[in-house]
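Reviewing the structure listed below.
The values are calculated or read from the model by the stated rules, or taken from the named source; none is laboratory data. Bear in mind the structure is a predicted one, so any value in this text is a computation, not a measurement. Here the Cβ positions follow ideal geometry from the backbone for every residue, glycine too, while neighbour counts run over all protein chains shown. Note: accessible area is taken over every heavy atom of the protein model, side chains too, but ligands, DNA and RNA are not part of it. Shrake-Rupley method; radii C 1.70, N 1.55, O 1.52, S 1.80 Å.
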Amino acid sequence: MIELRPLPHRRAFALAWPAIVGNVTVPLVGLVDTAMLGHFSDATHIGAVALGSTVLSAVMWLVGFLRTGTTSLVGRALGAGQDDAAVTHAQRAAILAVTLGGAAVLAQWVAIPAVMAVLAPAGDIRDLAVQYAWIRMASVPAALLTLVISGWFVGSGDTRRPLAIVATVNVVNLGLDIAFVGGLGWDSAGAAAATVIAEWLGLALALVLWWRAASSPVRAAVRRWRGRGLRTGWRRLAAMNGDLFVRTAILYSVLTFVTAYGARLGPDILAANAILMQLMLLSSYGQDGYAHAAEAMVSREIGRRDVPSFHRAVVASALPAVAIGAVFTVLYLVASGPFIAVLTSIPSVTEAADQYIGWVVWLPLASSLAYLFDGVFLGSGRTRSMVTTMAASAVLVFVPALLAGIAWVGDPRNDDLWRAFLLFNVARGVFLGISYVRVTRQGAWLATAHT
């Protein structure tokens, strides 16, 4: 019997609230782009941004291990009192970020048109989406390095500086969006340019904040760039990041399918789904606040090899995580109309969004355990379980639910798509919860594969 009292609620809240505020501002990049185009442009440009963002989001999601992997490795190293090891983990991640960012910029000229040819039929939407993605790709190297720095901060138990970084990025993006889209009428190209400038300014701020916060031993370790420790340990990093890559690839494949499916149902459905997806992302980033808190706390406790404190951290994060999901569900239930009105004033798009908002209303509550357990398994380094549960959710739940809906009616419908997506998110939380119980019963939390 594990003693769960006293629970570290104050510590969890201190870590969670900056992460919640910061995370909620992350989708504001997409929300602001969508809102500006929803009021100053048309459905074609909204759809183009939705498709173009799909490609950029693919890059950022698939390399999200730069943040999550850094948090887990740095947190466990610091928990074990190994400052030099923590710095070395971050340095390897930074080298990887620069390499991947450069590769993405070089590959974009071939990759983006090829991907767009799959996602949308030939026409104005596809052409504008390609243009948007090409411009946005210039922000990728900056965004990847910022992920590494944010991962260090969260791993060290600091969620306030990441808040400052994302807040700056989004304030700059908002101002430039108003200027470029609303003022100069640059439409989707202006939205892309605003994001590029904001991301590079965000990286500059992140570097300054990190150096100012670094202790003398950490700065000294950074200066030993050519130390032996930096030349080793890549296999361990690759194993953990490989798991995170596959897990995220499965998740992003589902999200991409949602966008592509909507594109085949017409421009109004595509634009409406883009708006609904932004609302889903808004709630998910807010819920991720306590997932980040769990990630930071459990990585430290695993590093200290303190299993009882690990479980207390999980429970202290789980209770408010579910409560936040319920709050978002109630908020969308009573105020979905105003949310949609903020994002678009195009009658046909508004009508379509109103028709399908009911599915998004329940997503925050249904997904709350999935987000929480993501943080737990990331922080503990048990990334293989994340791969298997994500695959099971997609193959055993999402695909059958979608096919069953289509077979029942006989024609593809947007309702079938959102129903399958809702069940997919429920399954993620259920399968991860089962894994949590299994590992606990086995007493295997300290037997982490990637430590």
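Can you give me the accessible area per residue for the stretch 313-451, using a 1.4 Å probe, in Å²? Show your work: numbers first, answer last.
Numbers: 5700 Å² over 139 residues.
Accessible area per residue: 41 Å².
Keeping every protein chain present and rolling a 1.4 Å probe, give me the accessible area per residue for the stretch 88-188 in Å².
Per residue, the stretch 88-188 has an accessible area of 39 Å².
Roughly speaking, to the nearest percent, how much of the stretch 333-448's 1.4 Å accessible area is carbon and sulfur?
That share works out to 69 percent.
How much solvent-accessible surface does VAL154 expose, in Å² to the nearest 10, with a 1.4 Å probe and all protein chains in place?
10
By how many nm would the segment from ARG438 to PHE13 grow when fully extended, if each residue of separation counts as 0.36 nm and the alpha-carbon distance is taken off?
150.3 nm
Using a probe of 1.4 angstrom, how much of the accessible area of the stretch 65-171 is carbon and sulfur, in percent?
Percent of accessible area from carbon and sulfur atoms in the stretch 65-171: 68.
So if each residue of separation counts as 0.36 nm, and I subtract the Cα-Cα distance between LEU396 and VAL171, what length gain in nm does that give?
Numbers: separation 225, 0.36 × 225 = 81.00 nm, distance 4.12 nm.
Extra length available between LEU396 and VAL171 comes to 76.9 nm.
ILE135 accessible area, nearest 10 Å², 1.4 Å probe?
Surface open to solvent at ILE135 totals about 60 Å².
At what distance in nm do the modelled label points of ASP415 and LEU106 sit from each other, each positioned 7 Å from its Cα along Cα→Cβ?
Distance between the two pseudo-spin positions: 5.1 nm.
Got a number for the accessible area of TRP211? Probe 1.4 Å, square angstrom, nearest 10.
Number for this one is 90 Å².
Identify the residues of the stretch 81-102 with backbone N under 13 Å of a label point that sits 7 angstrom from the Cα of ARG236 along the Cα-to-Cβ direction, or state none.
81-90, 92
With a 1.4 Å probe and all protein chains kept in place, how do TRP210, TRP234 rank by accessible area, largest first?
Sorted by accessible area, descending: TRP234, TRP210.
If we count every other residue with Cβ under 14 angstrom of LEU207's Cβ, Lys/Arg +1 and Asp/Glu -1, where does the sum land? Mind showing how you got there, number by number?
Working: positive: ARG161, ARG212, ARG219; negative: GLU199.
Local charge sum for LEU207: +2.
7 Å from Cα along Cα→Cβ at both ALA249 and LEU319: what's the point-to-point distance in nm?
Each label point lies 7 Å from its Cα, and together they span 4.1 nm.
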